[in-house]
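Working notes for the structure below.
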Amino acid sequence: MNGLLAKAWRDHRRTLTGFGIGLVLTELLYMAVYPAMRDSAADLRAMMENLPEAFRQLFGEDIASPEGYLRSQLFGELGLILFLVVAIGSGARAIAGEEEARTLDLLLATPARRAQVLRSKAIALVVLITTLGAIAFAAVLVFGPAFDLHVDAFDLATASLMLVLTSIAFASIALAIGAATGHRSAAIAVTTGTAALMYVVNALGVTVEALEPFRPLSLFRWYLSPLLLTGGLAPVNIAVLLAVAAIAYAAAHVRFGRRDLAS
Amino acid sequence: MFGFLGPNGAGKTTTIRTMLDLIRATSGHVRVFGLDSIADAPSIHARVGYVPGEFGLYERLTGEEYLRMFAALRGGTGADRIAPLAERLSLDITVKIRELSHGNRRKAGLIQAFMHEPDLFVLDEPTQGLDPLMQQEFHAMIDEARARGATVFLSSHVLPEVERVCDRVAIIREGRLISVDDIGELKSKALRSIDFHFEAPVPAGDFASLESVVSARAHGDSISLVVRGPLDEVVKAAARHPVVNVETREPSLEDIFLQAYRDGGTA
């Protein structure tokens, strides 16, 4: 198991370095823009008045407050996208990538069981995403004050946790599709498409009444609540995201455990 | 030393991958060392050295990192044999795998299968891509493993390789086991063709009556024979005429298959 885990973790080292640096730079850029953004808050508020209700709900009413700014910009947009790219890409690659590279046969011809291989991949994914979450958290906490972005450390931590859990849920879905089909591109395409659809349903569901009943099916409904960054821990939201990750993992376990591998 | 012979697409690789639980049989069970191929996979795999016909390696690792990983997956067994085996096959294990040539990648795959001194080798077309010198070294390694008491299960679609290392041969075709034979018996049963080129035309009848001749055909100064079994009579019959040239063709695998197929059908 140790050899497997070491191997699974090694696969992510470059991702961690690359995305870690990219993440910190992105955050710095966003934070550096904040003072200017806040100073034109009056204009912004006027602009917000004209935005559809959905956007205001989604991004929070006050985009000029530190919390509102972080929620709408980093946690709701580019930061989230970066995390989803890493999560879906790495999740899809974990099993299906090895199968397509024809390295899986030799790996599974060792005493390692399929379940152990899958588990090591999943653990490595969780560690990767959590580490990136910690980096995102630390960068805002440490550099934020330099740009007048003072946020409560606990709120920031819980928001980072929600971002991590959402990413893990999507990573788990991508891992499951990849492990079940052996096709990396299928896993990426289906998971990305699902994420996009979920995002739209959640965003439009706020105003479009017909979509409202479907909002709970969107993981972003559970992630991007208006409470993010201000409301403390939301146990139900955490439970939903964890449950989705667990169900996807269980499905991967069952299907990958008995499937014929491509040679 | 067990050879597993069949044309491309006959089901050799499928059989092997079922043995190693990489694919599952729709029905039936596979037992290796008397153990169930699915339930006891880890215990089986610990004692098997597997070289697939085609495989990928972790491009970003060095050969040494790659092989050490496999040692770790087998509980550390074989780590001390990495360096000696690499030296023997002259593989530089300090460079990244992505920089290795095709032949050198095959070597890494071979070391991976040999390093833990398994009881059973499962080799799927193991020498393709190896230069002749390395093929020789590989055969020496196989011989040593055999001397140690290991079993070798060698799958191939080329007869000479199987002939060289195996005692017994199974032939598979379209997923069905056609025959299991000693290699000598297989070859003696096989048809082979011989062309004699004489100075002057010779009647085909001189040969057609011989016991081991299956068919004889004359064209011009030549006679084409299809022979099964001992060649003694045939050569002596030919020697009564002035011979210009002799061409023999080793029985092709397809010939042997056809033969085995026919035998299997009538048995």
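Bear in mind these aren't lab numbers, they're just calculated from the coordinates by the rules spelled out. Because the structure is predicted, anything quoted here is derived from the model rather than measured. Cβ: placed from backbone, ideal geometry, glycine included. Neighbour counts: every protein chain shown.
What FRET efficiency comes out for B:Thr26 versus A:Thr131 if R0 is 45 angstrom and r is the Cβ-Cβ distance? Round to the nearest 0.05. Please report the intermediate quantities before stating the final value.
Working: r = 43 Å, r/R0 = 0.96.
Here the calculated transfer efficiency is 0.55.
Take the Cβ atoms of A:Val200 and B:Glu211, set R0 to 60 Å, and the FRET efficiency comes out at 0.10.
Out of B:Val122, B:Val235, B:Val214, any idea which swings most in a Gaussian network model of chain B, alpha carbons joined below 10 Å? The residue that fluctuates most here is B:Val235.
Result for chain A in a Gaussian network model with C-alpha springs under 10 Å: among A:Gly232, A:Gly68, A:Gly91, the largest mean-square fluctuation is at A:Gly232.
Spatially, region B:84-156 and region A:12-27 are offset by 40 Å when compared through their Cα centroids. Inter-label distance, A:Met37 to B:Arg228: 8.6 nm, where each label sits 7 Å from its Cα along the C-beta direction.
In this simple spin-label model, placing a label point 7 Å from the Cα along the Cα-to-Cβ direction at both B:His102 and A:Leu141 gives a separation of 5.4 nm. How high is the FRET efficiency between A:Leu5 and B:Asn245 when r is their beta carbon distance and R₀ equals 56 Å, given to the nearest 0.05? In this case the efficiency is close to 0.25. log₁₀ I(q)/I(0) of chain B at q = 0.08, 0.10, 0.11, 0.13 Å⁻¹, via Debye over equal Cα point scatterers, no solvent, to two decimals? Reported log10 I(q)/I(0), two decimals: -0.44, -0.63, -0.72, -0.89.
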